[in-house]
Amino acid sequence: MSQALYEITVNALLDRDRPLTGDEWDAAVARVGGHRAAQLLAELADAALLPAPVLARAVREAWAGADRPLERLPAARWAELCDDAGLPVPPEAAGAPWRDPRNP
């Protein structure tokens with residue numbers, strides 16, 4: 001997806017007058033692409049459009065789905081999102097060096 005289409009999608013979501021459901025989060029990620037889930041997560045969380053259960057799931061999925069999570073979002077932002085979602089902060093986001101599990 002091009003940056004322009006990503007921005008159109010995000011702007012449409014930001015213009016909503018209600019939080020996203022889990023299914024709507026899934027559809028949004030499918031539309032923008034999983035590689036952009038972390039960026040989408042940050043934008044929707046900032047706009048308070050992800051209720052607690054959806055936020056917790058979205059944080060877990062965005063972290064797990066990111067090829068290099070700390071290149072998608074800074075460690076401090078991941079820590080903030082995890083805290084907001086009531087999740088433990090992944091060691092890599094808590095200051096431990098990130099290790100590519102495919103290349104230990």
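Just so you know, all these numbers are worked out from the coordinates, no wet-lab data involved. Here the structure is a predicted model, which means the values were calculated and not measured. Glycine gets a Cβ as well: all are built from the backbone with ideal geometry, and neighbour counts include every protein chain shown.
Per the listing Ala75, Ala62, Ala48, the residue uniquely surrounded by 15 or more Cβ atoms within 10 Å (Cβ to Cβ), touching a residue at least 24 places away in the same chain (Cβ under 8 Å) and hydrophobic (A, V, I, L, M, F, W, C) is Ala62.
When you scan the stretch 24-37, do you find a residue that is exposed (fewer than 14 other Cβ atoms within 10 Å of the Cβ) and over 19 Å from Tyr6 (Cβ atoms), even just one? The answer is no, given that none of the residues of the stretch 24-37 is exposed (fewer than 14 other Cβ atoms within 10 Å of the Cβ) and over 19 Å from Tyr6 (Cβ atoms).
Annotation note: of Thr21, Thr9, the sole residue that is in contact (Cβ under 8 Å) with a residue 12 or more places away in the chain, of a type in the set (S, T, N, Q) and crowded, with 16+ Cβ neighbours inside 10 Å is Thr9.
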